[in-house]
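Written below as structure tokens is the structure these notes are about.
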Amino acid sequence: MPTIKKPEMKFPEFNADLTKAAKDVAAVAKDATYVVIGAGVLGYQQAQVQRQELLKRLSDPKADLEGRVAAVRTDLSGALHTVDTTVESLMERFEEIIERLESAVAPLEDHLPPQARALAKQAHVQAKEARTQIRNLRPSAAA
């Protein structure tokens, strides 16, 4: 049988300094902890930025809605003022017409019999009271 020559193997030398190895492991663990904490802080900040953007997006339509409501209120106030002015003008014209009718009918009332004259005067008083009540009931834009 032939003899087999075994090659010589050299094993590298291991440094058996456990203190240095423990320090290296501790440094790696420390660095890993810093990386994890940093990633957590960055994630939290990103969540805060997204929250702020969402709040901004949600508040914008509200601001727009408030502006539109304010514009509608302004338009409505203007319309009420216009209606109030128109009603006031119509009331003045109505008063003028009533005064003209009363002045035209007054001479005729003098020729009426006494009972009819009393009824006509009573009708004038009731008409004036009704006009006063209508003026007091009429809504005003200033109110």
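Summary of values
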{"item": "Cβ pairs under 9 Å, 6+ apart, first in segment 113-125 and more than 15 Å from E99 (Cα to Cα), second at pLDDT below 85 and assigned to a helix (DSSP H, G or I)", "result": "A116/E109; R117/E109"}
{"item": "Qualifying residues in segment 124-143 (those that are surrounded by 12 or more Cβ atoms within 10 Å (Cβ to Cβ) and either in contact with a strand residue (DSSP E or B) (Cβ under 9 Å, 6 or more places away or on another chain) or of a type in the set (A, V, I, L, M) (or both)) - the one modelled with the highest pLDDT", "result": "A127"}
{"item": "Residue check, R51 part of a helix (DSSP H, G or I), more than 17 Å from the chain's Cα centre (by Cα), over 30 Å from I134 (Cβ atoms) and basic (K, R)", "result": "yes"}
{"item": "Answer from R73, R51, R100 - the residue that is modelled with pLDDT under 85 and either out of contact with any Gly (no Cβ under 9 Å at 6 or more places or on another chain) or β-branched (V, I, T) (or both)", "result": "R100"}
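Here's the yes/no breakdown for (1) basic (K, R); (2) touching a residue at least 24 places away in the same chain (Cβ under 8 Å); (3) in contact with a strand residue (DSSP E or B) (Cβ under 8 Å, 6 or more places away or on another chain); (4) not in a helix (DSSP H, G or I):
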| site | (1), (2), (3), (4) |
| --- | --- |
| T33 | no, no, no, no |
| V36 | no, no, no, no |
| V41 | no, no, no, no |
| A47 | no, no, no, no |
| R68 | yes, no, no, no |
| A71 | no, no, no, no |
| S77 | no, yes, no, no |
| H111 | no, no, no, yes |
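The values are calculated or read from the model by the stated rules, or taken from the named source; none is laboratory data. A quick note: this is a predicted structure, and the numbers were derived from the prediction, not measured. Here Cβ is always computed from backbone atoms with ideal geometry, including for glycine, and neighbour counts include all displayed protein chains.
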